[in-house]
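The values are calculated or read from the model by the stated rules, or taken from the named source; none is laboratory data. Just so you know, these numbers come straight off a predicted model, no measurement behind them. Neighbour counts run over all protein chains shown; Cβ positions are idealised from the backbone, glycine included. Side chains included, ligands, DNA and RNA excluded: accessible areas come from the protein's heavy atoms. Shrake-Rupley method; radii C 1.70, N 1.55, O 1.52, S 1.80 Å.
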Amino acid sequence: AIFNNHEEVELKAIYRDPLHDFGFFKFDPALIKHTKLEEIALYPEGAKVGVDIRVIGNNAGQKVSILASSISLIDRNVPDMGEMTYGDSNTFYIQASTSGSGGSSGSPMINIAGQAVAIVSAGLTKTSTNFYLPLDRVKCALESIQAQTEFKRGTIQTTFQYRSYDEVRRLGVSETVENSVRHDVPGGVGMMVVRTVLPDGPGHIAGLEEGDVLYRISGKTVAHFVLLEELLDDSVDQTLDITVIRGNSSLDFKVHVQDLHALEPSQLLQVGGTTMTNLSFQLANYYRVPVSGVIANSLFCILEEASVVKPYLLKSINGKAVANITQVIEVIKTIGNNECVPVKYFHLSEYYNNCLIDGSIKISHLWNQMSLYTRNDNTGFWDMESIADLPPAREIEPTNVIFPVIKNADVAKLKDVVHSIVKVKCMIPIFIEGNVNRVNAGYGAIIDAERGLVVVGRETVASTACRITITIAGVAIIPAKLRFQHPTISYAIVQYDPKHIGTTQVQAIKISEKPLEAGNSIRMLAMSRYEMPVCLSAQVSNILPIETSFFEPPRWRSINVEVAQLDNPTATNYGFGII
């Protein structure tokens, strides 16, 4: 934390609320040498319509900005924060037009007495309206921390929304019930309605449904979020009697209250370049799915065929179902390094569409050590545990491939050259040397069949830290190693183990010692987008030096190089070719 006089002190994270938008840091006051510390009293009762307030923060990144306004609403429903992000629920939000433009999240809303009545949480980007979190639960959490007692948070995995009396009457609330609620909760303008019930949660198991109007809990009329949260937090691991209005009927349910902290991910697993956590209540609540399963924050590192980098929910790895981090660890402990195994997964938005995706992954323990991190609230850090005793890479069995019959007469004349072409795939586990792509793929040519040497362009093998595979005849996929990268010209040499291809009859191209000259008639053997060989005829129109453009961010490029220019414009459509 940096104080107004630029004095700096280290903070320790000691609490983050599993539902609402607040948390606590702690620092040692004895370390403060040059700042007079002042406390800001929390006064949630002071949030009332019409109260003049000031917001002291860093609006638009400007230090110590003070915005003035008045509270316009104190019973606004939670704003929608958008997809794949944090979303609050089961609370009112306070509304005021302070024209905040970001940078003041967490700043206090101060009344004329210098007390905090709310904290900045969100705002609308195209208007001057900002939203503030009431301090009722914040104050309760602070008092528990100061008393060194556990601050319990309860949930029935059900989200409520505040609706006015004229709306709840359409949902079946009778005049008698409305009069009773108005009498018990004076000043209120509505009741709470069930918005979502998560599958397999306590509310769903008990029988609550969306559209139910909350009436009473344990005999108390509940038409305000403050009382609702008090009852839930005081009843963790207990059962509450909940009465709702459904249609024209009053229904009673016994609902078990879960510990909300237990639904908050407290562990993360790093494996194969990706990070996995248990599915959080926040994401489950947004997508209306059960709070169960493992989220892979990016499968791109281990699932090379993934075209979009976004979180996925894993269903199974290597044919074994995974519902939590512990099960993922047990499955991965049985998988050898770089072993290809099947995986089933889907994006949370596709949960109800049954869009289960089948794929395969290769988990590399060479570049990424498998580690489990567990949050430690006593130290404010995450404790790291290295997971060892992983099985070694399995022996690769030789793959014998028979090349398909070439039916194109022109290509058939170059059969030996065709049998030298392989597909090269380069997976970059860490971004170094200015590279921006995780996976590069291209073609190369075998130049030494006995030693398994392949020449390939540097645009394919763009980094020295990489994992390389080659594919022969579109069938046999075997590992390879980088042996050489030219420092100024775009080619590299990779090597595979000839034992891995068995009796496959590959050929090595013969490299001509005669340089190309303008006017030479040539044939170019290229690979089409369908991975089929194509033969083109052309003439060398020119030999000329080229200057390659600079990259941003800076990375390797060819310099001091000449190229052969062909008169066949079709040749430029292919990214690979042998002349």
Estimated inter-spin distance, residue 144 and residue 542, nm [label 7 Å along Cα→Cβ]: 7.6 nm
At R0 = 41 Å, FRET efficiency that the Cβ-Cβ distance of residue 375 and residue 532 yields, to 0.05: 0.15
Nearest-0.05 FRET efficiency for residue 7 and residue 382, computed from C-beta distance (R0 22 Å): 0.20
Alpha-carbon radius of gyration plus Dmax, which is the widest Cα pair, for region 499-573 in Å: 16.7, 45
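Sort 92-98, 13-19 for me by packing, meaning the mean count of neighbouring Cβ atoms within 10 Å per residue, highest on top.
On the way: 92-98: 22.7, 13-19: 17.1.
Highest mean packing first, the order is 92-98, 13-19.
If you take every residue apart from residue 44 with its C-beta less than 13 Å away from the C-beta of residue 44, what net charge results, scoring Lys and Arg +1 and Asp and Glu -1?
In short, -2.
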Rg ratio (alpha-carbon, reference 2.2 N^0.38 Å) - region 342-481: 1.45
Leading residue at positive end of dipole, the chain (Cβ point charges), from 322, 465, 192: 465
Label-point separation, residue 72 to residue 511 (7 Å along Cα→Cβ), nm: 7.3 nm
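With n ≥ 4 as the cut-off for DSSP H runs, can you work out [θ] at 222 nm for the chain, using -39500 (n - 2.57) per run divided by the number of residues, rounded to the nearest 500? Walk me through the numbers on the way to the answer.
On the way: 9 runs with 64 residues, N = 579.
Computed mean residue ellipticity for the chain: -3000 deg cm²/dmol.
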Region 409-524: radius of gyration over Cα atoms, expressed as a fraction of 2.2 N^0.38 Å: 1.13
Added length on full extension, which subtracts the Cα-Cα distance from 0.36 nm per residue, residue 464 to residue 124: 117.8 nm
Residues in region 92-136 that a label on residue 60 would reach, taking backbone N under 12 Å of a point 7 Å out along Cα→Cβ: 99-103
Farthest toward positive dipole pole in the chain [+1 Lys/Arg, -1 Asp/Glu at C-beta], among 454, 151, 579: 579
Ranking by accessible area, most exposed first, for 535, 355 with a 1.4 Å probe: 355, 535
Net charge dipole size for the chain [Lys, Arg +1 and Asp, Glu -1 on Cβ; Debye, nearest 20]: 1620 debye
Nearby lysines by direct alpha-carbon distance to residue 423 (threshold 17 angstrom, same-chain neighbours under 8 apart not counted): 415, 481
Helix axis angle, 175-184 relative to the chain longest principal axis, alpha carbon, degrees: 80 degrees
Ranked by how many other beta carbons lie within 10 Å on average, peptides 452-459, 184-191 from highest: 452-459, 184-191
Accessible area per residue, Å², the chain with all protein chains present, probe 1.4 Å: 53 Å²
Length gained when the stretch residue 31-residue 358 is fully extended (0.36 nm per residue, less Cα-Cα span): 112.2 nm
In sequence order, calculated HN-Hα J values of region 8-15 (Karplus, 6.51, -1.76, 1.60; Hz; x Gly/Pro): 10, 9, 7, 10, 10, 6, 10, 7
Cross-link table 12/362; 362/499; 63/139; 126/220; 63/126, entries beyond 30 Å C-alpha to C-alpha: 12/362; 126/220
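State the extension gain, in nm to one decimal, for the chain segment bounded by residue 80 and residue 318, taking 0.36 nm per residue of separation less the distance between their alpha-carbons.
Values: separation 238, 0.36 × 238 = 85.68 nm, distance 3.77 nm.
Extra length from residue 80 to residue 318 when fully extended: 81.9 nm.
At a 10 angstrom cut-off on C-beta neighbours, averaged per residue, how do the peptides 265-276, 536-547 rank from highest to lowest? Numbers along the way, then the final one.
On the way: 265-276: 19.9, 536-547: 13.2.
Going from most to least packed, we get 265-276, 536-547.
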Share of carbon and sulfur in the accessible heavy-atom surface of the chain [1.4 Å probe, %]: 51 percent
Relative pair counts by distance (%), Cα atoms of region 189-303, 5 Å bins: 2, 11, 17, 20, 17, 11, 7, 6, 5, 3, 1, 0
Estimated distance in nm for a label pair at residue 49 and residue 486, the labels positioned 7 Å out from Cα along Cα-to-Cβ: 7.7 nm
Cα convex hull volume per residue for region 55-191 (Å³): 180 Å³
